[in-house]
Amino acid sequence: NAGVMQNPRHLVRRRGQEARLRCSPMKGHSHVYWYRQLPEEGLKFMVYLQKENIIDESGMPKERFSAEFPKEGPSILRIQQVVRGDSAAYFCASSPRSHREGQPQHFGDGTRLSIL
Amino acid sequence: QKEVEQDPGPLSVPEGAIVSLNCTYSNSAFQYFMWYRQYSRKGPELLMYTYSSGNKEDGRFTAQVDKSSKYISLFIRDSQPSDSATYLCAMSARVNQFYFGTGTSLTVIP
C-alpha cells in the first residue's frame, strides 16, 4: 500500500497520559499536514511540516501539543497530559511539493483517540 | 462567519439520480478548490481538484467553481449506492492551510 499510513488506528489513553500518533507519508512526499476532526465539525488544520522543519503550526494549541518530522522515520504528533477534550480523529495528509505549487493533499485513514 | 459553509444534509436520493452538492465561502483569496469523499471510519479521498473558476469533469463527477458568487458545486451523475459517503469541500489560497466544509452526508438508495 503506497498510501499515507497512520498508526495506531485507535488509541485509548487516560487523562494525564501522553499520546503519540505516527504518520508515514506517501512515497515521494516530503510535506506532511496534521488535522483534527470532531463530530459535526470539519477538518481543522493543526500543523504543516517538511523534513526536519515546522513550516506552519498556527492551528496547533500552544500547550501540550507538538509535532515533528525527522529526517528518518514517520512524522509524530505528540499530545502530553491528555484531557477529555482531546478525544477526536486525527488525520495526516501528505503532498509531494508545497501547496503553493498547486499540489493537493492525500489523507491517511486517521487515528481515533479516546480519552478515558 | 465560517470560512467555508456546507449544508450537512443528510441527503438521500434513489439510485441513478443526479446529486448536487454545494459549498459557499467568504474568502475571495481562495483559488484552489477540492472535493473529497469520506467513508465511515476512513480518511478523506480526493475526488476533484480545480484551480480558479470553471468546470472540470471526471467520469460521473463534475466540479464547478463560480468565484464571482463564491460558490462551488459537485455533481454526481447516475449515482450508485457505493457513492453513499460524506462529501467534503476544501479550498485554499496560496498558503499551506486548507479550509474544509463540515461535510454533506449522502445516501444513495438502491
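Counting only residues that are touching a residue at least 12 places away in the same chain (Cβ under 8 Å) and either loosely packed, with under 13 Cβ neighbours inside 10 Å or touching a His at 6+ places or on another chain (Cβ under 9 Å) (or both), which one in region B:83-110 is farthest from B:GLU5 (Cα to Cα)? So that I can check it myself, show each step before the final result.
To start, the set of residues in region B:83-110 that are touching a residue at least 12 places away in the same chain (Cβ under 8 Å) comprises B:83-94, B:98-110.
In the following step, the residues that additionally are either loosely packed, with under 13 Cβ neighbours inside 10 Å or touching a His at 6+ places or on another chain (Cβ under 9 Å) (or both) were identified as B:92, B:94, B:98, B:109-110.
Values: B:SER92: 14, B:ARG94: 20, B:PHE98: 14, B:ILE109: 26, B:PRO110: 29 Å.
Only one residue fits best here, namely B:PRO110.
Looking at A:ARG13, A:ARG22, A:ARG36, just one residue is under 10 Å from the mean Cα position of the chain (by Cα) and away from every other protein chain (no Cβ under 14 Å), and that residue is A:ARG22. Looking only at region A:1-17, residues that are touching a strand residue (DSSP E or B) at 6+ places or on another chain (Cβ under 9 Å) and open to solvent by 40 Å² or more (accessible area, probe 1.4 Å) come to 9 in all.
A quick yes/no check of all residues on (1) open to solvent by less than 10 Å² (accessible area, probe 1.4 Å); (2) under 21 Å from A:ASP109 (Cβ atoms); (3) of a type in the set (Gly, Ala, Ser):
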| position | (1), (2), (3) |
| --- | --- |
| A:ALA19 | yes, yes, yes |
| A:HIS31 | no, yes, no |
| A:TRP34 | yes, yes, no |
| A:LEU43 | yes, yes, no |
| A:LYS51 | no, no, no |
| A:ILE55 | no, no, no |
| A:GLY59 | no, yes, yes |
| A:PHE69 | yes, yes, no |
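Consider region B:84-105 and keep the residues that are assigned to a loop (DSSP other than H, G, I, E, B) and more than 9 Å from chain A (Cβ to nearest Cβ). The one that is modelled with the highest pLDDT is B:SER84. Any residue in region B:62-83 that is farther than 23 Å from A:THR111 by Cβ, part of a strand (DSSP E or B), within 14 Å of chain A (Cβ to nearest Cβ) and charged (D, E, K, R)? No, because not a single residue in region B:62-83 is farther than 23 Å from A:THR111 by Cβ, part of a strand (DSSP E or B), within 14 Å of chain A (Cβ to nearest Cβ) and charged (D, E, K, R). State which residue is most open to solvent (accessible area, probe 1.4 Å) when the search covers only region B:1-28 and only residues that are part of a loop (DSSP other than H, G, I, E, B) and closer than 13 Å to B:SER69 by Cα. Of everything passing the filter in region B:1-28, B:SER28 is most open to solvent (accessible area, probe 1.4 Å). Applying the condition of being outside any strand (DSSP E or B) and more than 10 Å from every other protein chain (Cβ to nearest Cβ) to region B:43-61 and asking which residue is farthest from A:VAL4 (Cα to Cα) yields B:SER53.
The values are calculated or read from the model by the stated rules, or taken from the named source; none is laboratory data. As the structure is a computational prediction, the values presented were derived from the model and not from experiment. In this analysis, Cβ positions are derived from the backbone assuming ideal geometry, glycine residues included, and neighbour counts consider all displayed protein chains. Please note that ligands, DNA and RNA were not included when accessible areas were found on the heavy atoms of the full protein model with its side chains. Shrake-Rupley method; radii C 1.70, N 1.55, O 1.52, S 1.80 Å.
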